[in-house]
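Visitor: This is the structure, below, for whatever I ask next.
The values are calculated or read from the model by the stated rules, or taken from the named source; none is laboratory data. From a predicted model like this one, the values you see are computed outputs, not experimental measurements. Neighbour counts are summed over all protein chains in view; Cβ atoms, including those assigned to glycine, are modelled from backbone coordinates with ideal geometry.
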Amino acid sequence: MRPLARILPLLAAALMLGACGIYSFSGTSIQNDVETINIDYFEYRAEKVNPSLSNDLTEALRTRFRRMTRLEQVEQDGDLEITGEITGYDVRPASVSAEEIATQNRLTVSVRVSFTNRKYPEDNFENKTFSAYADYDSTNSLDAVESSLCAEIIEKLIEDIFNASVAQW
């Protein structure tokens, strides 16, 4: 009987949170009257070129919103709008040996994002920078590991952008 007495209040609280429409178990806090989102193509502005990164990042963000929210994606004038650009794509040594030779390199991608909530403008942010990185062994060339590193970095960036915009963490 005691375990049931402990679980019952938690279950009731969870049902009330889900019923109020502001919080969902996917981690979002989207108000009920917000129905659409527009996610613009992320322009590539970094000096070093990765021809597929803009498309991969944009599509990954759109996919995250399709899977994790009830929002309908529209081409323009959504209740929510996300715009952004890739501003950095850099490789630097991450760790160096005693002989001053890089043993690990770090690929870092930076994006600048603006979020507009047309119904609740207090949630807006402009030109917020997000950055993520992945390390790789310096015995590998960037060309050999770039695809897998970018996939890992994109996942981190998408998580951060999603949380900042609709999860508000």
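Visitor: Restricting the search to the range 103-141, which residues are without any contact (Cβ under 8 Å) to a residue 24 or more places away in the chain and farther than 23 Å from residue 44 by Cα?
Guide: Of everything in the range 103-141, those that are without any contact (Cβ under 8 Å) to a residue 24 or more places away in the chain and farther than 23 Å from residue 44 by Cα turn out to be 121, 122, 139, 140.
Visitor: Being in contact with a helix residue (DSSP H, G or I) (Cβ under 7 Å, 6 or more places away or on another chain), of a type outside the set (Ser, Thr, Tyr) and crowded, with 18+ Cβ neighbours inside 10 Å narrows it down to one residue among 166, 113; which is it?
Guide: 113
Visitor: Just checking, does the range 82-99 include any residue being of a type in the set (Asp, Glu) and closer than 21 Å to residue 33 by Cα?
Guide: No, the range 82-99 contains no residue that is of a type in the set (Asp, Glu) and closer than 21 Å to residue 33 by Cα.
Visitor: Hey, can you tell me all the residues within the range 132-146 that are hydroxyl-bearing (Ser, Thr, Tyr) and surrounded by fewer than 16 Cβ atoms within 10 Å (Cβ to Cβ)?
Guide: Of everything in the range 132-146, those that are hydroxyl-bearing (Ser, Thr, Tyr) and surrounded by fewer than 16 Cβ atoms within 10 Å (Cβ to Cβ) turn out to be 139, 141.
Visitor: Can you spot a residue in the range 74-81 that is under 16 Å from the mean Cα position of the chain (by Cα) and in contact (Cβ under 8 Å) with a residue 40 or more places away in the chain?
Guide: Checking the range 74-81: at least one residue is under 16 Å from the mean Cα position of the chain (by Cα) and in contact (Cβ under 8 Å) with a residue 40 or more places away in the chain.
Visitor: Just to be sure before I move on: is residue 108 surrounded by 14 or more Cβ atoms within 10 Å (Cβ to Cβ), touching a helix residue (DSSP H, G or I) at 6+ places or on another chain (Cβ under 9 Å), among the hydroxyl-bearing types (Ser, Thr, Tyr) and closer than 19 Å to residue 140 by Cα in the structure I sent?
Guide: So residue 108 fits the description; yes.
Visitor: Checking residue 23 against (1) at pLDDT 90 or above; (2) closer than 24 Å to residue 69 by Cβ, which test does it fail?
Guide: Among (1) at pLDDT 90 or above; (2) closer than 24 Å to residue 69 by Cβ, residue 23 violates only (1).
Visitor: May I pose another question? Somewhere in the range 85-102, is a residue touching a residue at least 60 places away in the same chain (Cβ under 8 Å) and within 18 Å of residue 156 (Cβ to Cβ)?
Guide: no
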